[in-house]
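Here is the structure we will look at, set down as structure tokens.
Just so you know, all these numbers are worked out from the coordinates, no wet-lab data involved. Just so we're clear, the structure is a prediction, and the values are computed from it rather than from any experiment. Here the Cβ is made from the backbone with ideal geometry for all residues, glycine too, and neighbour counts use every protein chain on show.
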Amino acid sequence: MGQAFLDNSLWRNIYCVLAGDSSSCASRGYSDGFLPGGLEWLAFLLAALAIIGLVVNGILGGVIVLIWGERRLFGRFQSRTGPNRWGPFGTLTSVADAVKTMFKEDVVPADADRILFNLAPILIATPALLVFSVIPFGVGTYVADLNVGVLFIMAITSLTTLAVLTAAWSSGNRIAILSALRSVALLISYEIPMALAVVGVIMLAGSMSLGDIIAAQGVPFILVQPLGFFVFFIAAMAEMARAPFDLTEAESELAAGYLNDYASMKFGLFFLAEFMAEISTSAIITTLFLSGWRGFDPIPSHFWFGAKLIAVLFVIIWFRMTLPRLRVDQVLKFAWKGLFELTMINIIVTAILIAIWPQPTTSQLWAMAAINWPVAIISIYLVSKLLGTAPYDQPLPDPNVPSYPVGSESIPASSVLGAESSSAQAPSPEGGD
């Protein structure tokens, strides 16, 4: 096994227990393994399957906990109890919903393209899982450390657009297609500012590897790149189709949107992908802007990563429960005339600062933060003014318009006479020529 795999605690602790007598594991202090010599290939295969199963089941378990936690928070935000029937404090409500979804009837529309109709739920759930393959959960704890990890995440998450369009088009439902077209416009519009918001982080770290980005955060990049964080967070909310950007599933307008014709576990996969995207977005924000697993000893790095991830999840839920849904024209205008310009400002200012401090130290990062915060506040204020509603002239009452009475007043005689004269001039429906 290569040195890169042995530096990964997940791979090392599983592989070397299976093949402990290999030369690479012996140099790390491992002795005998469960498998005899010559079967290192089998140890590698079993370690890969074990890690994949561990990550996938951990994410699925996290989704169940997130659904319960989000419902409890919704109850608090809306001054109600929340789930409290199944299990203590409603902890088994998500499990009951999962069982109920699995046993529902799987209905497929008669005019649907069955191949694409069945493929769409897989297309939308797979990218949300693949994102976690490059996320470092702690010191030496990751599935793979790609030197282009940020580019990998941007490419994988863009597949959601294809999945949404496939789901709507294959169902043959006009309402679903309308929702998908509106969703594709939203997703494409916000992918651009979201990718540009990360450029400042890459410039500061000098790498697209997520591990190198965490190592470069002597000061968390949320302090050094406040404008980049603001744009990335807003764009990520839109990419997840979370309120106030939930135009793809605007229940009051489009029922369930692009997944209107899905049922049973196909619908469950869409639902699962939405919450997995919420966790993956929180993990990405934690890695790029909150210094990932870095914290204070002796608290383990995994605890710091989990605590930051939960804090980001809480902000996302709070954001959803606070703001009302926007119109589609407001959403697109906000992306192209607001966030795009903010990313350009952030890239230009960051490039100037890096030209001054090519290899910034911790003190120089603090100096960058002191410069970037006023720039971010002023830029957001100016853009909000440019995007604001145009001022309207205050209407003046017309003295010639008759005033209408309130419930405690009688109808003016002029109004009664006007109504009688109008009815007298109107032709009778039973009259002749």
Exercise. Using 7 Å Cα-to-Cβ label points, what is the L45/D212 separation (nm, one decimal)?
Worked result: 3.5
Seminar exercise, completed: Here the net charge surrounding I122, from other residues whose Cβ is less than 14 Å away from its Cβ (Lys, Arg +1; Asp, Glu -1), is +2
For this session: Please order K266, K385 by the number of other Cβ within 10 Å, starting at the fewest.
Result: K385, K266
For this session: Pull out a ≥ b ≥ c, the square roots of the eigenvalues of the alpha-carbon gyration tensor of the stretch 121-218, then state rounded if a/c is under 1.5, prolate if not and a/b is larger than b/c, and oblate in the remaining case.
Result: oblate
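What is the gain in length, in nm to one decimal, between R85 and I299 on full extension, counting 0.36 nm per residue of separation less the C-alpha to C-alpha distance? Mind dumping the intermediate values first?
Values: separation 214, 0.36 × 214 = 77.04 nm, distance 3.59 nm.
Fully extending the segment from R85 to I299 adds 73.5 nm.
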Problem set entry | Calculated from backbone phi, Karplus (6.51, -1.76, 1.60) coupling profile of the stretch 301-318 in Hz, x at Gly/Pro | 5, 5, 5, 4, 5, x, 5, 5, 4, 5, 5, 5, 4, 4, 5, 4, 5, 4
Problem set entry | Local electrostatic count, K337, Cβ distance below 14 Å [Lys/Arg +1, Asp/Glu -1] | 0
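Given a Förster distance of 56 angstrom, what is the FRET efficiency for L60 paired with T361, based on the Cβ-Cβ distance and rounded to 0.05? Could you put the intermediate results ahead of the total?
Details: r = 42 Å, r/R0 = 0.75.
Efficiency computed from Cβ-Cβ geometry: 0.85.
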Exercise. Among residues other than I153 whose Cβ falls under 14 Å from its Cβ, what is the net charge (Lys/Arg +1, Asp/Glu -1)?
Worked result: -3
Seminar exercise, completed: Given Cβ charges of +1 for Lys and Arg and -1 for Asp and Glu, the option among H302, A355, I285 whose Cα lies farthest towards the positive end of the dipole of the stretch 237-392 is A355
